[in-house]
């Protein structure tokens, strides 16, 4: 399975970066909870908890903490797991592919359902890194864009690369 559908500019957000680290190390950073907690949120935010069962239908749970100490849990499940190549998850489904309810995400006005895809490809001694997020409607897509999707996910990627370069 590959993210090959033409993006819907009203519903999808994505970016591509070339990074000078091997995709196997990026995969470790995405698939090992203790590593993911070190880079997943742009600082000064923190990821205080991470649990994952890395298989389709398996749990993907994180808790993010704002600089003020507010916590934002996110629970979902993996949809596609291809080691060193592709990771897809959603918060629209709970583990075991059980439907999620909007109120279970926390404050309903500040959260939304999405499906996220990370794809890794070898590229010039490093990795071509694709990150994409699909939304159900324009309101949620715009909310995610306004929250700083590209900047935030880009900063998190930079933090990940820095962590890898410092030796994970």
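The values are calculated or read from the model by the stated rules, or taken from the named source; none is laboratory data. Nothing here was measured: the structure is a model prediction, and the numbers come from that model. Note that each Cβ is placed from the backbone with ideal geometry, even for glycine, and that neighbours are counted across all protein chains shown.
Table for the structure above
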read-out: Single unsatisfied condition, residue 42 versus (1) part of a helix (DSSP H, G or I); (2) within 24 Å of residue 140 (Cα to Cα); value: (1)
read-out: Which listed residue is free of Cβ contacts under 8 Å to residues at least 60 places away in the same chain and either touching a helix residue (DSSP H, G or I) at 6+ places or on another chain (Cβ under 6 Å) or assigned to a helix (DSSP H, G or I) (or both), from 96, 69; value: 96
read-out: Filtered residue count, region 121-156, keeping only those that are part of a helix (DSSP H, G or I) and either out of contact with any helix residue (DSSP H, G or I) (no Cβ under 7 Å at 6 or more places or on another chain) or farther than 14 Å from residue 42 by Cβ (or both); value: 16
read-out: Residue selected from region 80-98 under the condition within 14 Å of the chain's Cα centre (by Cα) and farther than 21 Å from residue 25 by Cα, by the criterion surrounded by the fewest Cβ atoms within 10 Å (Cβ to Cβ); value: 92
read-out: Residue pairs meeting the criteria (Cβ under 9 Å; at least 6 apart or on separate chains; first surrounded by 15 or more Cβ atoms within 10 Å (Cβ to Cβ), in region 29-44; second at pLDDT below 95 and part of a loop (DSSP other than H, G, I, E, B)); value: 29/168; 32/168; 35/168; 38/168; 42/148
